[in-house]
Amino acid sequence: MSIIARPDNAALALEGKLLKGKWNVLRRIDPPPGSTGGFFSIGYVVHDGEREAFLKALNFHAFFALFPGKRVVEILAERTKAFEYERTLLLRVKDHRLSKVSQLLDEGEEIVMGFTIPQVPYLIFEIAEGDIRSTIRFAGEIDLAWKLKSLHDVAVGLQQLYGIKVGHNDLKPSNVLLYESGFVSKLGDLGRSLCSDIVAPHEDGSFPGDFTYAPPEFLYRFSIPDLSIRMKATDVYLFGSLLVFYFTGTTMNALLFKNMNEHFRWDRWSGGFDPIKGYLIDGFYKALQEFQSHFSDIKFGEKLVEMVRYCCWPIPEQRGHPKGLQQLGEQYGFHRMISQLDLLSKKAEIRFR
């Protein structure tokens, strides 16, 4: 009988342990089929005797597999630095009690003997019921009020992060988490976020998040030098693209790529950003028309298309609410979007009551 060797990965061996004298590790969470996230961490359900929570364990082993030949001490130093950065941001979120950002409940490091690297740093969060991908429906308008309320929560979360000098910069459907039977949406995963007063280990001027969702300026290799402006302009675009996803199941980038002249798409264009702007704007207006075709209610559709227009405007310096463009420091703010989404969601509730 052959013996199956145990993986030399301490992060896989937390099940059944008691952490910090109170957190019972109940079971490991396997990523769903087709999942692209979570490669560098391993999830567990834990319980402290009163409530369940989600534990995110740092998976050093994944980095060794991804970077074969790289020095172990170098990988450990890099990943520990990244972990500490995320932990610092999460503690800041916790200290300021941000209501629309997933809350850190506890954190620590477990030593699991018998492994080459026995240390397992971990973070413990309030447990979510899932993300919006498991709930959202794209056909019909029966969920209109719920979608608008969820988008309102996301906008509030982004504005709350701005209040503590953080830009999420990796906003996508899998990072919008659901709580309270799906009624409350919160932002999750600050691992790729940027902060205007703490240097992120991944800050190099490029797009820090999932490149599938990157704003057009990054696709054409342009980056705004000012970090504070860049991270806010990025979040505004990502929010507009998320709005597109809520009603179509696709992203603004996908619509933009489809509606641009193929010679000027980012996968073929090798020139600078300035010469492409006119073609980019032309494709963007065509993409907006396609987005508008998804709405049977013209009034609701027009308001949401207008929001996507100023959020996803392809030129970052001109992006943001029209009134915000005229006020210093308000160009990329979410205050007006929050108010408008609140009003629209209440109108939708009345309509489908």
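Derivation of every value follows stated rules applied to the coordinates shown; laboratory data play no part. Keep in mind the model is a prediction, meaning the values are calculated, not measured. Neighbour counts are summed over all protein chains in view; Cβ atoms, including those assigned to glycine, are modelled from backbone coordinates with ideal geometry.
Could you work out the percent of alpha carbon pairs in the stretch 130-351 separated by over 21 Å, rounded to a whole number? Show your work: numbers first, answer last.
On the way: 12953 of 24531 pairs.
When all Cα pairs of the stretch 130-351 are counted, 53 percent exceed 21 Å.
Percent of Cα-Cα pairs more than 22 Å apart in the stretch 16-167, please. Walk me through the intermediate numbers first.
Numbers: 6120 of 11476 pairs.
Cα-Cα pairs of the stretch 16-167 separated by over 22 Å account for 53 percent.
For an R0 of 22 angstrom, estimate the FRET efficiency from the Cβ-Cβ distance between ILE164 and LYS81 and round to the nearest 0.05. Could you put the intermediate results ahead of the total?
Numbers: r = 20 Å, r/R0 = 0.93.
The calculated FRET efficiency here is 0.60.
With +1 assigned to the C-beta of every Lys and Arg and -1 to the C-beta of every Asp and Glu, and no other charges, what is the dipole magnitude of the chain about the Cα centre in debye, to the nearest 20? Kindly include the intermediate steps, with their values, before the conclusion.
Details: 43 positive and 43 negative charges, 98 e Å.
For this selection, approximately 480 debye.
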Pairing the Cα long axis of helix 72-95 with the longest principal axis of the chain, what angle in degrees results, from 0 to 90 and rounded to the nearest 10? 60
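For the stretch 89-171, divide the Cα radius of gyration by the Kirkwood radius and give the resulting Rg/Rh value with two decimals. Spell out each step's value before the answer.
Details: Rg = 17.3 Å, Rh = 15.6 Å.
Here Rg/Rh amounts to 1.11.
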What relative contact order, as a whole-number percentage, does the stretch 148-197 give when Cα pairs under 8 Å and 6 or more residues apart are counted? 42
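Multiplying the sequence separation of ARG51 and GLU349 by 0.36 nm and subtracting their Cα-Cα distance, what value in nm do you get?
Details: separation 298, 0.36 × 298 = 107.28 nm, distance 3.20 nm.
In short, 104.1 nm is gained.
For the stretch 221-353, would you read off the P(r) tail past 26 Å as a percentage of all alpha carbon pairs? Write out the running numbers ahead of the final one.
Details: 2186 of 8778 pairs.
Summing the P(r) of the stretch 221-353 above 26 Å gives 25 percent of all pairs.
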Dipole of the stretch 159-288 [Lys/Arg +1, Asp/Glu -1 at C-beta], most positive-end residue of SER270, ALA287, THR212: ALA287
Have a look at GLY191, GLY278, GLY182 and tell me which one the Gaussian network model of the chain (Cα, springs below 10 Å) gives the largest fluctuation. GLY278
Extension reserve of the TYR279-SER196 stretch, reckoned as 0.36 nm per residue once the Cα distance is removed: 26.6 nm
Computed helical MRE - 222 nm, the chain, DSSP H runs ≥ 4 contributing -39500 (n - 2.57), nearest 500: -12000 deg cm²/dmol
Could you go through the stretch 97-107 in sequence order and give the Karplus-derived ³J(HN,Hα) for each residue, using 6.51 cos²θ - 1.76 cosθ + 1.60 with θ = phi - 60°, rounded to whole Hz, and x for Gly and Pro? 6, 6, 6, 10, 10, 3, 8, 7, 9, 6, 7
Compute the semi-axes of the equivalent ellipsoid of the stretch 147-272, taking the square root of 5 times each eigenvalue of the Cα gyration tensor, and list them largest first in whole Å. 25, 20, 10
At 7 Å along Cα-to-Cβ for each site, give me the label-to-label distance between LYS70 and ARG97 in nm. 4.0
What FRET efficiency comes out for GLN119 versus ILE298 if R0 is 41 angstrom and r is the Cβ-Cβ distance? Round to the nearest 0.05. 0.10
The helix 298-311 Cα axis meets the longest alpha-carbon principal axis of the chain at an angle in degrees, between 0 and 90 and rounded to 10, of 70
Does anyone have the angle between helix 277-292 and the longest principal axis of the chain? Alpha-carbon axes, 0 to 90°, nearest 10? 90
Please compute the contact order of the stretch 130-351 in relative form: average sequence separation of alpha-carbon pairs under 8 Å and at least six residues apart, divided by the residue count, as a percent. 23
With θ taken as phi - 60° and the coefficients 6.51, -1.76 and 1.60, list the Karplus ³J(HN,Hα) couplings across the stretch 324-336 in order, rounded to whole Hz; mark glycine and proline as x. x, 4, 8, 10, 4, x, 10, 4, 9, x, 9, 4, 5
GLU126 versus ASP106: modelled label distance in nm, points set 7 Å from Cα along the beta carbon direction: 1.7
Want the number for VAL184 to GLN289: 0.36 nm per residue separation, take away the alpha-carbon distance, what's left? 34.7 nm
